[in-house]
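Chemist: One structure, pasted below without further comment.
The values are calculated or read from the model by the stated rules, or taken from the named source; none is laboratory data. Quantities reported herein were computed from a predicted structural model and do not represent experimental measurements. Don't worry about glycine lacking a Cβ; one is built from the backbone with ideal geometry, like all the others, and counts go over all protein chains shown.
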Amino acid sequence: MLEIKDLSVEVAGKKIIRNINLNIDDSETMVLFGPNGSGKTTLIKAIMGFEGYHIKSGKIVFNGKDMNDSPIEQRVRERIGIMYQHPPKIRGVKLAQIANFLTSDKAKITRLAEKLSLREHLNRDVNLGFSGGEMKRSELLQVLLQEPRLLLLDEPESGVDLENISLMGEVLNDYLKQKDKSALIITHTGYILDYVKVKKGCVMIDGRFWCTGGPKEMFETIKKKGYEKCTECHDAKRVD
Amino acid sequence: MQKELIKNLGIQDLETVASSGMDFSEKARSASFLQQDNRVEFYKSLSDGVEILSVEEAREKLPEIKEYWGKAFRLLNREFPEDTQGGYFVRVKKGRTVHLPIQACLFLKAQGFKQKVHNIIILEEGAKAYLITGCSASKAAGEGFHLGISEFFIHKGAHLNFTMIHSWKEDVSVKPISIALLDAEASFISNYICLKPVREIVMYPSAVLAGAKARASFNSLLLSHPGSFQDIGSRVILKAKDTQAEIIARAVSTGGKVISRGHLKAENRDIKAHLECRGLILSEKGTIHAIPEMESDFRDVDMSHEAAIGKINKEEIEYLCSRGFSAQEAQSIIVRGFMDVGVLALPELLKQEISGIEDKMLSEAF
């Protein structure tokens with residue numbers, strides 16, 4: 001579904017992503033670990049095609065199509081969807097307006113909003129005055145209404161209390177269980193791994209992939225020994 | 001409403017007048033007034049709680065009007081033009097709540113005409129009403145001028161929700177001058193909408209909170225087109241104890257020049273007042289100059305203001321694009337959201353209607 005070949009990305013003249021290769025197959029979810037500033041969000045934003053994320057070399061291919069020069073809307077039409085880590089607050093634009101744009105199925109909006117405890121938020125300005133958890137739930141609501149084939153989730157659980165992580169995790173898992181739905185998830189806390197079936201994990205440090213492996217074991221190691229351990233063993237498992 | 005008048009106006013003018021909030025069916029109105037140039041076309045009250053007349057007729061028939069004429073200006077030691085012709089007189093009777101809005105329309109028709117009106121609006125003690133005034137110009141009315149003087153007298157415990165829609169054109173200059181006087185526990189809400197091109201508008205409506213616990217709020221939505229100059233503000237003088245005021249302004253410039261003023265003046269210690277001005281500049285040629293002013297003789301008053309001017313945040317556009325909107329759709333939805341009629345304190349009855357008018361005007365601009 002998603003193929004990233006030898007990708008290097010610059011932001012404001014600074015090289016952030018360095019020659020990475022990545023494959024996500026149909027119905028596959030991959031989790032991305034890495035310390036702050038390692039380039040995880042940059043990778044997701046480059047896949048989405050945000051302005052200012054300049055591809056210096058390599059290719060992003062989605063469903064066989066070269067996406068390097070496609071505008072964001074094109075990537076959305078190809079069914080790539082993003083859940084922001086820090087979404088902007090937009091005064092005067094209601095969450096319901098966006099939801100109604102994404103689907104004409106009102107019952108579906110109501111159902112999902114209810115599931116995510118967002119019924120009352122639909123009539124509020126998007127993200128304005130939302131708590132951290134509400135923002136994440138609103139992001140999940142929007143991205144799931146887009147019905148993407150590839151979900152890019154940037155720390156979906158950060159700032160969310162445990163009760164709501166479980167709620168979001170279940171909703172997300174239900175979605176990803178469907179046919180041909182894939183995801184790339186950035187996580188710091190690892191909580192999301194308790195809800196979503198993930199077979200592949202990957203560590204990014206300093207704009208490179210250092211190792212891949214089973215996500216749970218990988219996360220346990222990171223928790224115990226930090227990212228330094230990853231750098232130590234990268235010679236053995238390095239993927240690029 | 002008289003069929004003949006509708007026939008006389010012609011379809012095009014009819015649409016223009018309707019676009020400034022005039023409901024010709026009068027189904028959801030309690031009284032109507034229409035003046036074209038200096039000619040009062042008709043007035044009619046459908047509610048026994050509302051008197052509506054041309055101001056000249058009111059001055060002739062009602063001797064008590066004499067004490068109201070110019071009173072608001074005298075109180076502020078201000079002069080006012082005496083060479084007016086026409087205008088409306090509205091009086092809502094003591095203790096009456098009038099549920100349907102009263103409507104008035106001032107229409108410019110003849111080429112180069114200088115319309116100068118003086119309106120008197122009185123809400124007697126405990127009365128409650130909605131007033132919607134639409135001011136517009138015929139496509140034929142080139143080089144027109146409109147001067148509108150309005151004096152509002154809102155007596156004890158009365159409430160007036162006033163909505164003014166300006167729907168002018170590129171070669172019309174406009175100068176409304178209005179003052180509202182509020183007695184104790186009275187409240188005045190002024191909603192102002194101006195989304196069409198205009199050559200020049202200069203206005204600085206004022207409210208004087210003369211009685212304890214009086215409240216005033218001015219809310220405005222402004223779209224400034226290339227070539228337009230709009231110097232628009234609101235002023236509230238908080239004279240009495242426990243009075244409150246709020247001024248909220250939203251301005252978008254697609255190339256015009258906007259001066260967005262606001263002035264809160266505390267003449268009493270126990271007051272509360274807030275001023276908020278937000279501006280969006282969508283074109284390199286547009287300018288918005290916000291001038292918020294707060295004035296107090298006392299140290300411990302509760303007054304605040306916030307002002308923010310800028311272009312649309314790129315991140316907001318990108319966010320909406322990542323949901324599938326095109327960049328242009330994203331800009332449009334953000335501007336429409338910024339200009340949402342929810343900013344105005346409109347009565348429920350008018351909310352949908354005015355939202356429709358705004359949608360139509362904005363869809364012409366974006």
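Chemist: Right, residue A:125: more than 14 Å from the chain's Cα centre (by Cα), more than 13 Å from chain B (Cβ to nearest Cβ) and of a type in the set (Asp, Glu) or not?
Modeler: Working: more than 14 Å from the chain's Cα centre (by Cα): yes; more than 13 Å from chain B (Cβ to nearest Cβ): no; of a type in the set (Asp, Glu): yes.
No, not satisfied.
Chemist: Could you run through region A:103-121 and say how many residues are in a helix (DSSP H, G or I), crowded, with 20+ Cβ neighbours inside 10 Å and among the aliphatic types (A, V, I, L, M)?
Modeler: Kept after step one, since they are in a helix (DSSP H, G or I), are these residues of region A:103-121: A:106-115, A:119-121.
So of that shortlist, the ones also crowded, with 20+ Cβ neighbours inside 10 Å come out as A:109, A:112-113, A:121.
Next cut, among the aliphatic types (A, V, I, L, M) only: A:109, A:112-113.
Counting residues in region A:103-121 that are in a helix (DSSP H, G or I), crowded, with 20+ Cβ neighbours inside 10 Å and among the aliphatic types (A, V, I, L, M) gives 3.
Chemist: For region B:282-327: of the residues being aliphatic (A, V, I, L, M) and under 30 Å from residue A:80 (Cβ atoms), which is nearest to the chain's Cα centre (by Cα)?
Modeler: To start, the set of residues in region B:282-327 that are aliphatic (A, V, I, L, M) comprises B:282, B:288, B:290-291, B:294, B:301, B:303, B:307-309, B:312, B:317, B:320, B:327.
Still in the list and also under 30 Å from residue A:80 (Cβ atoms): B:282, B:312, B:317, B:320, B:327.
Values: B:282: 24, B:312: 26, B:317: 31, B:320: 33, B:327: 33 Å.
Checked region B:282-327; the qualifying residue nearest to the chain's Cα centre (by Cα) is B:282.
Chemist: With the requirement that a residue be within 14 Å of chain B (Cβ to nearest Cβ) and among the acidic types (Asp, Glu), what does region A:7-53 give you?
Modeler: The one that is within 14 Å of chain B (Cβ to nearest Cβ) and among the acidic types (Asp, Glu): A:51.
Chemist: Still on this structure, I have one more. So which of B:142, B:70, B:148, B:87 is over 21 Å from residue B:215 (Cβ atoms) and at pLDDT below 95? Quick ask: steps written out before the conclusion?
Modeler: Details: B:70 fails: at pLDDT below 95; B:148 fails: at pLDDT below 95; B:87 fails: at pLDDT below 95.
The match here is B:142.
Chemist: Still on this structure: Kindly list the number of the only condition in (1) within 8 Å of another protein chain (Cβ to nearest Cβ); (2) of a type in the set (Gly, Ala, Ser); (3) surrounded by 19 or more Cβ atoms within 10 Å (Cβ to Cβ) that fails for residue B:326.
Modeler: (3)
Chemist: I'd like the full set of residues that are at negative phi and surrounded by 14 or more Cβ atoms within 10 Å (Cβ to Cβ), limited to region A:58-70. Spell out how you get there, then give the answer.
Modeler: Of all residues in region A:58-70, those at negative phi come to A:59-62, A:65-70.
Within region A:58-70, A:60, A:61, A:62, A:67, A:70 qualify.
Chemist: Which members of region A:31-52 meet the condition of being of a type outside the set (Ser, Thr, Tyr) and in a helix (DSSP H, G or I)?
Modeler: Initially, region A:31-52 is screened for residues of a type outside the set (Ser, Thr, Tyr), giving A:31-37, A:39-40, A:43-52.
Those that are of a type outside the set (Ser, Thr, Tyr) and in a helix (DSSP H, G or I): A:40, A:43, A:44, A:45, A:46, A:47, A:48.
Chemist: From the list B:279, B:342, pick out the single residue that is under 26 Å from the mean Cα position of the chain (by Cα), within 14 Å of chain A (Cβ to nearest Cβ), under 30 Å from residue B:265 (Cβ atoms) and surrounded by fewer than 20 Cβ atoms within 10 Å (Cβ to Cβ).
Modeler: Numbers: B:279 fails: surrounded by fewer than 20 Cβ atoms within 10 Å (Cβ to Cβ).
Only one candidate passes the filter, namely B:342.
Chemist: Out of (1) in contact with a Gly (Cβ under 7 Å, 6 or more places away or on another chain); (2) within 14 Å of another protein chain (Cβ to nearest Cβ), the odd one out for residue A:86 is which?
Modeler: It is condition (1) that residue A:86 fails.
Chemist: Looking only at strands (runs of 3 or more DSSP E) that lie completely in region B:32-149, which have at least 3 residues being without any contact (Cβ under 8 Å) to a residue 60 or more places away in the chain, out of contact with any Cys (no Cβ under 6 Å at 6 or more places or on another chain) and within 23 Å of residue B:7 (Cβ to Cβ)?
Modeler: B:39-45
Chemist: Right, another one. Considering only residues that are surrounded by 13 or more Cβ atoms within 10 Å (Cβ to Cβ), acidic (Asp, Glu) and either assigned by TED's automatic domain parsing to the domain that holds residue B:328 or modelled with pLDDT under 95 (or both), which ones fall in region B:289-301?
Modeler: None; the set is empty.
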